[in-house]
Amino acid sequence: MTETPAPPGPSDALRFAFGTLTVLPVRVTRWDRATARGGMLCAPLAGLVVGLCAAAAGGALLLLGGGPLLAAVGSAAVPAVLTRGLHLDGLADTADGLGSGKPAEDALRIMKQSDIGPFGVITLLFTLLAQVAALDELYAEGWAHGALAAAVAASVARCALTLASRAGVPAARPE
């Protein structure tokens, strides 16, 4: 008789989320579907921690005498560092695949390549510029506005992982 592994606990799911979505030193002990499912449910919490770090960086830069623009750049840079640029890499890959105008199979192949194409570069450039511009405006209104926006944005953005990982959402490829 085959022994069924114990269902993952909340700590397994949290470790999976933080170990997969951040550079924070978390030891992931389980790599199975059930743990991954739990990890994706915890993705917004991992995003909140990243967002709080981004907010802290922006606030610290303001406290040290930097202006709203520098605080905004810091708040946009921290998530890129703390996530190994995972979200930016995915955005660039998606832009390259969709921008190619190729059939689905070719677009998926383009998205899987490790290099970045012109659509990816342009998308990253304008996305980061928009983030910095929005945060600059909010930090100019006060440190709390910018810090809150940085924290909420990172958490809400990770909700997309949770929504995309739910049952009924078809995978890009059957395997």
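The values are calculated or read from the model by the stated rules, or taken from the named source; none is laboratory data. These figures come from a predicted structure and were not determined experimentally. Don't worry about glycine lacking a Cβ; one is built from the backbone with ideal geometry, like all the others, and counts go over all protein chains shown. With ligands, DNA and RNA removed, areas are computed over all heavy atoms of the protein, side chains included. Shrake-Rupley method; radii C 1.70, N 1.55, O 1.52, S 1.80 Å.
Rounded to the nearest whole Hz, the Karplus-based 3J(HN,Hα) values (6.51 cos²θ - 1.76 cosθ + 1.60, θ = phi - 60°) of the range 99-110 follow the sequence x, 5, x, 8, x, 3, 4, 5, 4, 5, 4, 4, with x at glycine and proline. Determine which residues of the range 131-168 fall in the zone a paramagnetic label at Leu63 would reach in this model, i.e. backbone nitrogen under 14 Å from the point 7 Å along Cα→Cβ. Label zone hits: 143-144, 147. For Cα extents along the principal axes in Å, the value computed from the atomic coordinates appears in the list (1) 47, 37, 28; (2) 66, 42, 25; (3) 45, 37, 32 under label (2). Note on the chain: helix-only mean residue ellipticity at 222 nm, from DSSP H runs of 4+ residues weighted -39500 (n - 2.57) and normalised by residue number, equals -24000 deg cm²/dmol. Accessible surface computed residue by residue for the chain, with neighbouring protein chains in place and a 1.4 Å probe, gives 60 Å² per residue.
How large a share of the accessible area of the range 1-147, in percent, is made up of carbon and sulfur atoms when the probe is 1.4 Å and the other protein chains stay in place?
69
Here the 3J(HN,Hα) profile of the range 114-121, calculated from phi with Karplus coefficients 6.51, -1.76 and 1.60 at θ = phi - 60°, is 7, 7, 10, x, x, 5, x, 5 Hz, Gly and Pro shown as x.
Subtract the Cα-Cα distance of Ala130 and Ala167 from 0.36 nm times their separation in residues, and report this length gain in nm to one decimal.
10.1 nm
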